[in-house]
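Reading through the structure tokens given below for one structure.
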Amino acid sequence: MESAIKQKPAFLPDPLAPVCKMLQACIQCGTCTASCVNSFAMDQTPRRLWRMVIMGQKDEVFRSKTFALCSSCYYCTLRCPRGLPLTEAMAALKQIAAKEKIASCKSGTLFYTSFLESVRCHGRVSEMEFMTHYFIRMKNPVAPFKYTSLGMRLLSKGKIAIPLTKKKKGPGSLKALFRKVAELEQLS
Amino acid sequence: MKYLYYPGCSLEGTAIEYNRSTQALMKLFGVDLLELEGWNCCGASAAESISYLLSMVLPARNLAIAEKAVKDMDIKNEILVPCSACYLNLKKVEIKIRSQPELLKKINTVLNEEELHLHGNIKVRHLLDVIITDFGPEAILPRVKRKFKDFLIAPYYGCQCLRPYIIFDDPEAPRSMEPLIEAVGAKVFDWAMGGKCCGASLMNTKKEVGMELTTAILKQAKGADAIITVCPMCQMNLDAYQNNISKRCGENIRISVLYLPQLLGLAMGLSKKQVGLDLNLTVTQEVKAIFNHYC
Ligand code: SF4
Ligand code: SF4
């Protein structure tokens, strides 16, 4: 309790504040935890994580891998007796971790930003291009092998287009939209 | 009859057979699918993990051009989406902007960069919803050319076409595919995993955990001849790692994982090629034998 108070000085902008607002009505009933398919792998149960967010325990929240293990199955959101947007709260924590470059979330964040880079440039995802991008940025020479056998099988079925095929009637670059989103997010 | 159609990125890549079989099946119902011109990626699970606003803007761009398209083509205000992940991303925007004018305003500030504007009058519909609500067994039965007797099918719905928005099925105990399976003469495999999670994008970011989920589902499917899905991500997760999982758990869990329109299409007279059966990664010998026998 004491450390929680220490960590939450009222005069500093708290990145957890908007998430805290989403969770305020939590009654700690544990329905979310009982419904979560991934709780077996989580270091903190969802119910505990919400408590930590509400108490402003930022370090503990981001030391936990719980939110990175949410697979967006929406069971908790469906069942929460207070009707709280829990899957979105997990996503909001992923967003903060990405923004604050939390080390333990690095590989997940890299995966998603590489994916979005492909979308930003072409409007759609080119699986081959974005995986290459991801592996280069991971700087992990062994990582591609985790995917090689699947990649080869997909290639043999003609399911991965290389090089990037010119998409008919595609949207082209979405750079202007991405730029505007970044600009508005900076303001808020 | 015409529907505006949003295939999404997977259906152009890893799930071509879903695209092919969906188009062919709808044709049998007398439906033309008109692909939304200039559609973009919905953001998948990536956008919501990085930026909330981006996760709203990417689907919103599609809805904005869809609104224009249905007007120009004079067809109903709906867009048909076969991928459950795309469906939910688009549906979220459809539903949120109804009650959040501030959000809509913000989205439009961004869309304005491309001189687009979202009003919010288009309805997003999942392929399964369209098949059961607009057509259903009544439309299938008279068109069935082959009855797959003794074919035992496990219907798998996954998450995002069922939850969090309750639109066309029970979000905890889904059953909407059952009458369709019965309409083609097959039997429904009784199991409790139909609405459970396949691990979704954890397969990319936390593979060990994702594998646990798919293993649990595949183990429970033992006894069925095939699993039927309506989502490319579910199909890939259940289909692609079977060798690996069999080795890990020391039992053979190999099973064919087909798309719903592949099964319906085959029963309604389409050829294996027309439904892209050669493109699924796993089609077991048993299932090949069943299809060879009937088709
Ligand atoms: S189900 Fe809802 S109210 Fe219950 S512990 Fe979880 S978040 Fe809190
Ligand atoms: S949405 Fe995420 S946190 Fe909620 S039950 Fe599913 S995996 Fe768990």
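Scanning the range A:101-128 for residues that are farther than 28 Å from A:S173 by Cβ and within 13 Å of the chain's Cα centre (by Cα) returns A:I102, A:S104. Among the residues of the range A:25-43, those that are open to solvent by less than 50 Å² (accessible area, probe 1.4 Å) and either within 11 Å of ligand 2 (Cβ to nearest atom) or at positive phi (or both) comprise A:G30, A:T31, A:C32, A:T33, A:S35, A:C36, A:V37, A:N38, A:S39, A:A41, A:M42.
Among the residues of the range B:195-233, which ones are open to solvent by 10 Å² or more (accessible area, probe 1.4 Å) and more than 9 Å from every other protein chain (Cβ to nearest Cβ)? Residues satisfying the conditions are B:T215, B:K219, B:Q220, B:K222, B:G223, B:A224, B:D225, B:M233. Scan the range A:105-125 and tell me whether some residue there is at the interface with another protein chain (Cβ under 10 Å from one of its Cβ atoms), free of Cβ contacts under 8 Å to residues at least 40 places away in the same chain, surrounded by 20 or more Cβ atoms within 10 Å (Cβ to Cβ) and within 14 Å of ligand 1 (Cβ to nearest atom). No, the range A:105-125 contains no residue that is at the interface with another protein chain (Cβ under 10 Å from one of its Cβ atoms), free of Cβ contacts under 8 Å to residues at least 40 places away in the same chain, surrounded by 20 or more Cβ atoms within 10 Å (Cβ to Cβ) and within 14 Å of ligand 1 (Cβ to nearest atom). Pull up the range A:54-76, narrow it to residues that are polar (S, T, N, Q) and either more than 12 Å from ligand 2 (Cβ to nearest atom) or open to solvent by 30 Å² or more (accessible area, probe 1.4 Å) (or both), then point me to the one that is nearest to the other protein chains (Cβ to nearest Cβ). Selected residue: A:S64. One residue alone among A:R51, A:R47, A:R82 is within 11 Å of ligand 2 (Cβ to nearest atom), open to solvent by 50 Å² or more (accessible area, probe 1.4 Å) and basic (K, R), and that residue is A:R47. The condition of being more than 12 Å from every other protein chain (Cβ to nearest Cβ) and within 14 Å of the chain's Cα centre (by Cα) holds for only one of B:T22, B:T14, that being B:T22. With respect to (1) assigned to a helix (DSSP H, G or I); (2) out of contact with any Gly (no Cβ under 8 Å at 6 or more places or on another chain); (3) within 11 Å of chain A (Cβ to nearest Cβ), the lone exception for B:S246 is condition (3). Restricted to helices (runs of 4 or more DSSP H) entirely inside the range A:33-100, those with at least 3 residues that are closer than 22 Å to B:G158 by Cβ and either more than 9 Å from ligand 1 (Cβ to nearest atom) or at pLDDT 95 or above (or both) are A:75-79, A:86-99. Only one of these is in the same structural domain as B:H119 (by TED's automatic domain parsing), farther than 22 Å from A:R120 by Cα and not charged (D, E, K, R): B:L54, B:L33, B:L90. Name it. Criteria check complete, one pass: B:L33.
Only helices (runs of 4 or more DSSP H) whose full extent lies in the range B:36-116 are considered here, and the ones with at least 3 residues that are over 23 Å from A:E183 (Cβ atoms) and touching a strand residue (DSSP E or B) at 6+ places or on another chain (Cβ under 9 Å) are B:52-73, B:84-99. Screening A:H133 on (1) modelled with pLDDT of 90 or more; (2) open to solvent by 60 Å² or more (accessible area, probe 1.4 Å); (3) over 30 Å from B:K105 (Cβ atoms) shows it passes everything except condition (1). Has the range B:213-222 got at least one residue that is without any contact (Cβ under 8 Å) to a residue 60 or more places away in the chain, outside any helix (DSSP H, G or I) and of a type in the set (G, A, S)? For the range B:213-222, residues without any contact (Cβ under 8 Å) to a residue 60 or more places away in the chain, outside any helix (DSSP H, G or I) and of a type in the set (G, A, S): absent. The residues of the range B:25-45 that are more than 17 Å from the chain's Cα centre (by Cα), free of Cβ contacts under 8 Å to residues at least 40 places away in the same chain and surrounded by fewer than 22 Cβ atoms within 10 Å (Cβ to Cβ), listed by number, are B:K27, B:G30, B:V31, B:D32, B:E37, B:G38.
The values are calculated or read from the model by the stated rules, or taken from the named source; none is laboratory data. Model, not experiment: these values are computed from the prediction. FYI the Cβ positions are ideal-geometry reconstructions off the backbone, even for glycines, and counts take in every protein chain you see. When the accessible area is computed, the model is the full protein with side chains, heavy atoms only, and any ligands, DNA or RNA have been set aside. Shrake-Rupley method; radii C 1.70, N 1.55, O 1.52, S 1.80 Å.
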